[in-house]
1. Please work out which option in (1) -0.55; (2) -0.61; (3) -0.68 gives log10 I(q)/I(0) by the Debye sum over Cα atoms at q = 0.10 Å⁻¹ calculated from these coordinates, and answer with its label.
2. Lys/Arg Cβ at +1, Asp/Glu Cβ at -1, dipole of region 269-348 taken about the Cα centre: which of Gly329, Gly343, Ile319 is farthest positive-ward?
3. Relative contact order for region 97-243: what is it in percent, counting Cα pairs under 8 Å that are at least 6 residues apart?
4. If you roll a 1.4 angstrom probe over the protein chains with everything in place, what fraction of the accessible area of region 53-171 belongs to carbon and sulfur, to the nearest %?
5. Measure out, as a whole number of angstrom, how far apart the alpha-carbon centroids of region 8-31 and region 251-287 sit.
6. Let me know the longest stretch in the chain that avoids all GluC sites (Glu not before Pro) found in a DSSP loop with at most 15 other C-beta atoms within 10 Å.
7. For Glu342 and Thr40, what does the FRET efficiency come to when R0 = 22 Å and r is the distance between their Cβ atoms, rounded to the nearest 0.05?
8. Listed highest first by mean packing, meaning other Cβ atoms within 10 Å per residue, what order do 294-300, 232-238 come in?
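The values are calculated or read from the model by the stated rules, or taken from the named source; none is laboratory data. No experiment lies behind these values; they were computed from the predicted model shown. We place every Cβ from the backbone using ideal geometry, glycine too, and count neighbours over all the protein chains shown. Quick note on the areas: whole protein, heavy atoms, side chains included, nothing else; ligands and nucleic acids left out. Shrake-Rupley method; radii C 1.70, N 1.55, O 1.52, S 1.80 Å.
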Amino acid sequence: MPTMELGSFHGLINDADSHLMVRAREYPDILGEAGKILATRLGAGTPLAAFFDPEYGEQATVTQENAWNVKGVVAPGAGDVEVRLRVLDIMGIRRQLIFPQVFVWMLMSSHREHSEEVVFRYNDFALQWTKDGGGRLRPAAILDLRDIDAACKEAKRVISGGIRAVLIQDGVAPGGVSPADPSMDRFWATLAEAEVPALLHIGGGLGFMGSGAWGRTDLLSSGGFGIGEDVTPYVLATVHMSAENYLQTLVLGGVFERHPTLRFGVIELGASWVGPMAERMDWIRDCGPSEAIRTQLSLRPSEYLRRNVRVTPFITEDIGLMVERYGLGEVYVFSTDFPHPEGGRDPLDKMASSVS
């Protein structure tokens, strides 16, 4: 699909994945003691400093070319609300979901002693961006579901402050129970009633694999850092597994039956796994051994996906082929991954041509 045919969509596009990206040296001010850990890992003198904390280089000016081509912390609007809004105007984007750097998310999950501080301080930062963004910028608040009571309390706090989406981890069972356990219904109900989606994002699967040895071979570990995130062949082959596990649990466990207005997103984890998962869940519901699933789920699992779930494909995936094979065209949504390199420099053209 030629670019000019996309003109009628200019200003109407929703971007389901972007990132708030500041220089690593700014994280102590944003996150406190936890931010100091992050700055040490990503800042001056580390192998990742060139991308996350460059010593030189001012933020690029806002132009059509720079909006799509400059990446990292020097991209226009990477960490500035006013400039980000101007970039959206150039891109033709109406609204944008914004996520923290994956390292912020992983810091909360891996350093339990700092998790509460990370959650509160980052969420306050996200609340300010939400206010300043005037409804167009929608940073996701982060919640630590290892403590369900605390997560429910924080969810109510940020929702009352104007937050429009929350990010949860999928690598660990919330509060040590299944996400479909009835004790979780108060959390899902809080989000459903407020029309605030729960989102999974790459980096939230920490803890799902009991061992880190699986990908430690030459071929499987090739690539990796240098392109923004640690994307190796092994990561690409397995990164969706934790989210797929979580989503199947919600669907077959009846969460979307009990909370029909709950919205759920799986972000930056690819989408080629969605169709086979839907087909398998439909088979389990229709032909599996559980009569309870057949009687208690009023819809087929694939219908819950169409109604309640949205997933962002990678820019290199063939979205048109996915729809031809499995349907579910409603499920796949556009994203830029701005300002990360993985989102590419022409995501509109590439994704449009895939479904043309």
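1. Entry (2).
2. Comparing the listed Cα positions along the dipole, Gly329 ranks first.
3. 20
4. Values: 2360 of 4850 Å².
Ligands and nucleic acids excluded, carbon and sulfur give 49 percent.
5. Each part reduced to its Cα centre gives a spacing of 28 Å.
6. With a cap of 15 other Cβ atoms within 10 Å, the longest stretch comes to 59-194.
7. Numbers: r = 25 Å, r/R0 = 1.12.
It comes out at approximately 0.35.
8. 232-238, 294-300
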